[in-house]
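Colleague: Please read through the structure below; I'll follow up with questions.
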Amino acid sequence: EKEGYDYFMIKEINEEGTAIKNTLTEKDNIKKITDDLSDINRIVFVACGTSYHASLTGKYLLESLAGIPTDVLLASEFKYSENTLNDETLVIFISQSGETADTLKALNIANETSKTLAIVNVAGSSATRRAKYVIHTQAGPEIGVAATKTYVSQLTSIYLFAALLAHDDNLLERLQKVPEYFEDILKDSEIIEKMASKYKYAQDFFFIGRGYAYPIALEGALKLKEITYIHGEGYAAGELKHGPLALIDQGVPVVVVLPPGENHRKTMSNLEEVKSRGADVIAVGSFNDEKLISKANDLFLINDEVDDLIAPLVYIIPLQLLSYYIAIERGLDPDKPKNLAKCVTVE
Ligand code: F6R
């Protein structure tokens, strides 16, 4: 069922535009949920791994668009802060499988005190049966162990949720265009294949970003670790000086996630910091960013309509592709990374 693709992972990356389109059809269902939640004054996200990174984007969105204080907890750490929940808190569980043990355990606890919402890809899974509200991400079955199309579908659900809660019609409209940007990115995937062959022997990678670009950096690093077995660290660009800069040396690849937006100037200065220490800067930015183009060693460019607000949905694609092609260059099977399972049913 790979339909001509070499691996499920690349097939599923190619299905991301469709996954987003299908998830956008959940809008009316999500509207019913947001209409019912007018009395909440706090949101807590609970998730693991890639779903945790989608949750981090959710925090930025909900706080900036809806003004609702939002926390993000790792499901395995949830029990250490459960006591502050009450009936005005909405606890959102994000899980592709709907069967992750830590997430389900936290869901049981949160059900006792708070309203619960599960954002899940597998219909009929345990999380969908236990949460008060459910949003189904419409990614279709994901076979590759690394989450790709389910991640962008989770993000799409959160964007819809935040836009509806905040009555932000402009954002709702902008989301409709996202699948178009994907097609352009996939057409340029040869650029990433070349980067992959250049960097396949690297021992460490850093990924940096600010604001909305920060969770993108974290997710890019997680994908790299999972399927290429290269050490990758995602960092908030502003944290570089507080430690990791000591590790930046000649030839260390640093992926700088730099969509247009208000953080641009500051992240650019972080780029210059790593570059002056000899890093190979791999920049993901926009076509009209001349400054970036003149500074980076390697570049992947995206339509400049994609600003930092919607970048999480789009800028992750080249990073997923980079990990995929490095895995291929290293002779690894990206669908079945060692020691990992699609669904983690133990705590
Ligand atoms: C990474 C990945 C994992 C999962 C995590 C949570 O590519 O797939 O990090 O995101 O195990 O799984 P779910 O979303 O099923 O709860």
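All of the numbers you see were taken from the coordinates with simple rules; none came from a lab. Everything numeric here is computed off the predicted structure, so don't read it as measured data. Note that each Cβ is placed from the backbone with ideal geometry, even for glycine, and that neighbours are counted across all protein chains shown.
Colleague: Under 5 Å between amide H atoms, partner at least 5 residues away or on a different chain: which partners does residue 299 have, H built in plane at 1.01 Å?
Modeller: The list, which skips near neighbours in sequence, is 283.
Colleague: Along the stretch 94-104, what does the Karplus equation 6.51 cos²θ - 1.76 cosθ + 1.60 (θ = phi - 60°) give for ³J(HN,Hα), rounded to whole Hz, x for Gly and Pro?
Modeller: So the Karplus estimates, Gly and Pro as x, are 10, 8, 4, 7, x, 10, 5, 4, 4, 5, 5 Hz.
Colleague: Quick one: Cα convex hull volume of the stretch 163-219, Å³ per residue?
Modeller: Taking the convex hull of the Cα positions in the stretch 163-219, it is 105 Å³ per residue.
Colleague: Something else: For the stretch 150-244, what is the convex hull volume of its Cα atoms per residue in Å³?
Modeller: Spread over its residues, the Cα hull of the stretch 150-244 gives 125 Å³ apiece.
Colleague: When the chain is modelled as a GNM with alpha-carbon springs shorter than 10 Å, which of 199, 229, 80 fluctuates the most?
Modeller: Maximum among the listed residues: 80.
Colleague: When the chain is modelled as a GNM with alpha-carbon springs shorter than 10 Å, which of 321, 104, 240 fluctuates the most?
Modeller: Looking only at 321, 104, 240, the biggest GNM fluctuation is shown by 240.
Colleague: Under a straight-distance cross-link criterion of Cα-Cα below 16 Å, which lysines are reachable from residue 105, leaving out those fewer than 8 residues away in the same chain?
Modeller: Candidates past the 8-residue exclusion: 79, 115, 132.
Colleague: Further question on the same structure: Compare 216, 302, 109 in a GNM of the chain, Cα atoms joined below 10 Å, and give the one with the largest fluctuation.
Modeller: Judging by the Gaussian network model, the answer is 109.
Colleague: Further, regarding this structure: Can you work out ³J(HN,Hα) from phi for every residue in the stretch 24-38, in order, using Karplus 6.51 cos²θ - 1.76 cosθ + 1.60 and θ = phi - 60°, giving whole Hz and x for Gly and Pro?
Modeller: For the stretch 24-38, the Karplus-derived couplings read 4, 5, 7, 3, 5, 4, 5, 4, 4, 5, 5, 4, 7, 10, 5 Hz, x marking Gly and Pro.
Colleague: Now a separate question. Once the other residues with Cβ under 13 Å from the Cβ of residue 245 are scored (Lys, Arg +1; Asp, Glu -1), what is the net sum?
Modeller: Value of the local net charge: -2.
Colleague: Given +1 on the Cβ of Lys and Arg, -1 on the Cβ of Asp and Glu, and no further charges, what dipole in debye does the stretch 139-181 carry about its Cα centre, rounded to the nearest 20?
Modeller: It comes to approximately 120 debye.
Colleague: What does the charge add up to near residue 198, with Lys and Arg as +1, Asp and Glu as -1, over the other residues with Cβ less than 12 Å from its Cβ?
Modeller: Working: positive: 194, 200; negative: 193, 280, 298, 329.
After counting each charged neighbour, the total is -2.
Colleague: Taking the square root of 5 times each eigenvalue of the Cα gyration tensor, what semi-axes in Å does the equivalent ellipsoid of the chain have, largest first?
Modeller: Gyration-tensor ellipsoid for the chain: 31, 22, 20 Å.
Colleague: May I pose another question? Please work out the Cα convex hull volume for the stretch 7-101 and give it in Å³ per residue.
Modeller: Working: hull volume 11.9 nm³, N = 95.
In the stretch 7-101, the Cα convex hull volume per residue is 125 Å³.
Colleague: Check each of the trypsin sites (Lys or Arg not before Pro) in the stretch 313-342 and keep only those in coil by DSSP with at most 14 other C-beta atoms within 10 angstrom; list them in order.
Modeller: Sparse-neighbourhood loop trypsin sites (Lys or Arg not before Pro): 338.
Colleague: Once both labels are modelled 7 Å past Cα along the beta-carbon direction, what's the residue 197-residue 339 spacing in nm?
Modeller: Label-label distance for residue 197 and residue 339, simple model: 3.1 nm.
Colleague: Report, in whole Å, the centroid distance computed from the Cα atoms of the stretch 52-116 and the stretch 201-228.
Modeller: 23
Colleague: Run the helix sum for the chain: -39,500 (n - 2.57) per DSSP H stretch of 4+ residues, divided by residue count, reported at 222 nm to the nearest 500 deg cm²/dmol.
Modeller: -13500 deg cm²/dmol, from helical runs alone.
Colleague: Right, another one. Check cross-link reach from residue 2 to the lysines: straight Cα distance under 19 Å, and skip same-chain residues fewer than eight apart.
Modeller: Counting by Cα, and skipping residues close in sequence, residue 2 has these lysines nearby: 11, 149, 336, 342.
Colleague: Averaged over every viewing direction, what's the projected area of the C-alpha convex hull for the stretch 3-44? Give it in nm², one decimal, please.
Modeller: Over all viewing directions, the stretch 3-44 projects a mean Cα-hull area of 4.6 nm².
Colleague: Here's something else I'd like to know. Taking amide H atoms as placed 1.01 Å from N in the peptide plane, list the residues 5 or more away in sequence, or in a different chain, whose amide H sits under 5 Å from that of residue 133.
Modeller: Amide H to amide H, under 5 Å and 5 or more residues apart or across chains, residue 133 pairs with 116, 117, 118.
Colleague: Still on this structure: Can you list the GluC sites (Glu not before Pro) in the stretch 1-65 that are in a DSSP coil and have 10 or fewer other beta carbons within 10 angstrom?
Modeller: Answer by residue number: 1, 3.
Colleague: Search the structure for amide H atoms under 5 Å from the amide H of residue 73, placed 1.01 Å from N in the peptide plane, and list their residues when 5 or more places away or on another chain.
Modeller: Under 5 Å from the amide H of residue 73 lie the amide H atoms of 45, 46, 47, each far enough along the sequence or on another chain.
Colleague: Under 20 Å from a point 7 Å along the Cα-to-Cβ line of residue 3: which residues of the stretch 168-185 have their amide N that close?
Modeller: Within reach of a label on residue 3, which here means backbone N under 20 Å from a point 7 Å along Cα→Cβ, the stretch 168-185 contributes 178-185.
Colleague: If you don't mind, there's one more thing I want to ask. Which ³J(HN,Hα) values, rounded to whole Hz and listed in residue order, are derived for the stretch 265-276 from phi using the Karplus coefficients 6.51, -1.76 and 1.60 in 6.51 cos²θ - 1.76 cosθ + 1.60 with θ = phi - 60°, glycine and proline given as x?
Modeller: 4, 5, 5, 4, 6, 5, 4, 5, 4, 6, 4, 5
Colleague: Three principal axis extents, largest first, for the C-alpha atoms of the stretch 70-124, in Å?
Modeller: 30, 20, 19
Colleague: D for the stretch 203-320, whole µm²/s, Stokes-Einstein with Kirkwood Rh over alpha-carbon pairs at 20 °C and 1.002 mPa s: what number?
Modeller: Estimated diffusion coefficient is 156 µm²/s.
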